[in-house]
Amino acid sequence: MLQIGELKQTKAYQEAYKKGFKEGFREGFREGFREARIQTKLDMIPKLRKLDWNAEEIAEFLELNLDIIRQHF
């Protein structure tokens, strides 16, 4: 039976590890980017309120759920 050290040296393990790392990195990057975009949109709410926009207008403009907008009003 292979020991963990020996297993890590196999080509199959190295390829699987590399593939898993790439997929995990991509997913983490996408999630971080999505969260940053949402935060940027949330940061715009007070500015749009100063322009007398209502919650419905802001939700439509920012393409966010109206409930999310109302939480930040």
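The values are calculated or read from the model by the stated rules, or taken from the named source; none is laboratory data. Note that this is a predicted model, so its numbers are computed, not measured. FYI the Cβ positions are ideal-geometry reconstructions off the backbone, even for glycines, and counts take in every protein chain you see. What goes into the accessible areas is simple: the full protein's heavy atoms, side chains included, and nothing from ligands, DNA or RNA. Shrake-Rupley method; radii C 1.70, N 1.55, O 1.52, S 1.80 Å.
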Angle between the chain longest axis and helix 11-50 axis [Cα atoms, degrees, rounded to 10] | 10 degrees
Mind checking the per residue accessible area of the chain for me, 1.4 Å probe, whole number of Å²?
-> 88 Å²
Calculate what fraction, in whole %, of the accessible area of the chain sits on carbon and sulfur atoms when a 1.4 Å probe is rolled over the protein chains.
-> 56 percent
Loop GluC sites (Glu not before Pro), the range 24-73 (other Cβ atoms within 10 Å of the site Cβ: 15 or fewer; DSSP) = GLU63
If you stretched the chain out fully between ASP67 and LYS18, how much longer would it get, using 0.36 nm times the residue separation minus the C-alpha to C-alpha distance?
-> 13.6 nm
Pop a pseudo-label 7 angstrom from the Cα along the beta-carbon direction at both THR10 and ASP43 and give the gap in nm to one decimal.
-> 4.8 nm
Counting lysine pairs in the chain that sit 8 or more positions apart or on different chains, with Cα atoms under 18 Å apart, gives 6
Efficiency of FRET from Cβ geometry, PHE33 and ASN54, R₀ 35 Å, rounded to 0.05 | 0.75
P(r) histogram, all alpha-carbon pairs of the chain included - 5 Å bins from 0, percent = 3, 14, 16, 12, 8, 7, 7, 6, 6, 6, 7, 4, 2, 0, 0
